[in-house]
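Here the structure comes first, spelled out in structure tokens, and everything after it is commentary.
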Amino acid sequence: MVLNRQVLVLNQAYEPILVCSAKRAIVLVFLGKAEVVEKTQFQVRSVTRYFIVPSVVRIFLYVHVPAKKIVLTKKNILKRDRYTCQYCGDGRRRMTVDHVIPRAYGGIDTWDNLVCACTKCNNIKGNRPLDKAGMKLLRKPRQPNHLTFIHHFVGIHDRCWKPYLFIGDRSVQWWETSDTFRLSPHSVQRISSH
Ligand SMILES: [Zn+2]
């Protein structure tokens, strides 16, 4: 349904901050709290007027987004790492989740200590820390920020989002930012328009 389409929301500096439903985005625009930056070809009609369904909007005012962290699960670790082994870069083998610092060495279940690893690398590494196994990570694992959330958990729903999500030569920065992950599909539905 058109009103359930996902709309990318930018802050005043044109930085992506979250994704919300088209219905919520239209309300924000109607209330004068946001402007349409990119349109879709769709329109919706109220009793008295038509509204263009946006694909990207930019907010003028502070919009409260409840801080809600994504749940740390095996599936979400694999999604964050795009089902790619963080040791060898393979994306075809069966994937597991590996403790970078093994539990036996005090490693715990955190975004920083869990990575996607193919079964082959996981077996080679065994129950050893990286230095003892002579292995290296392709990148330092981090808690996903709002950009990785949109990329890996929501997906790109419209090609016109791409310039705002820095796809291309700046993509590496997704992993370098240290912003706290603030979004979940649940919180997206609860964006306040007040
Ligand atoms: Zn591997």
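The values are calculated or read from the model by the stated rules, or taken from the named source; none is laboratory data. Model, not experiment: these values are computed from the prediction. Please note: Cβ atoms are built from the backbone with ideal geometry, for glycine as well, and neighbour counts cover all protein chains shown.
General observations
- Restricting segment 79-100 to residues that are within 14 Å of the chain's Cα centre (by Cα) and outside any loop (DSSP other than H, G, I, E, B), the residue that is surrounded by the fewest Cβ atoms within 10 Å (Cβ to Cβ): 79
- Sole exception among (1) in a loop (DSSP other than H, G, I, E, B); (2) more than 15 Å from the chain's Cα centre (by Cα) for residue 53, by number: (1)
- Qualifying residues in segment 86-135 (those that are touching an Asp or Glu at 6+ places or on another chain (Cβ under 6 Å) and not β-branched (Val, Ile, Thr)) - the one farthest from residue 76 (Cα to Cα): 122
- Criterion (under 17 Å from the mean Cα position of the chain (by Cα) and either farther than 30 Å from residue 35 by Cα or in the same structural domain as residue 8 (by TED's automatic domain parsing) (or both)) met by exactly one of 113, 76, 122, 127: 76
- For residue 104: the one exception among (1) aliphatic (A, V, I, L, M); (2) exposed (fewer than 13 other Cβ atoms within 10 Å of the Cβ); (3) at pLDDT below 90: (3)
- Residues that are part of a loop (DSSP other than H, G, I, E, B), farther than 21 Å from residue 144 by Cα and touching a helix residue (DSSP H, G or I) at 6+ places or on another chain (Cβ under 9 Å) within segment 8-39 comprise just one, 33.
- Pairs, first in a loop (DSSP other than H, G, I, E, B) and more than 16 Å from the ligand (Cβ to nearest atom) in segment 108-134, second at pLDDT 95 or above and among the β-branched types (Val, Ile, Thr), C-beta under 6 Å, six or more apart: 113/100; 113/101; 129/101
- Taken together, 186, 152 contain a single residue that is modelled with pLDDT under 70, part of a helix (DSSP H, G or I) and surrounded by 15 or more Cβ atoms within 10 Å (Cβ to Cβ), which is 152.
- Residue 56 meets all of the listed conditions (1) crowded, with 19+ Cβ neighbours inside 10 Å; (2) more than 30 Å from residue 2 (Cβ to Cβ) but one, namely (2).
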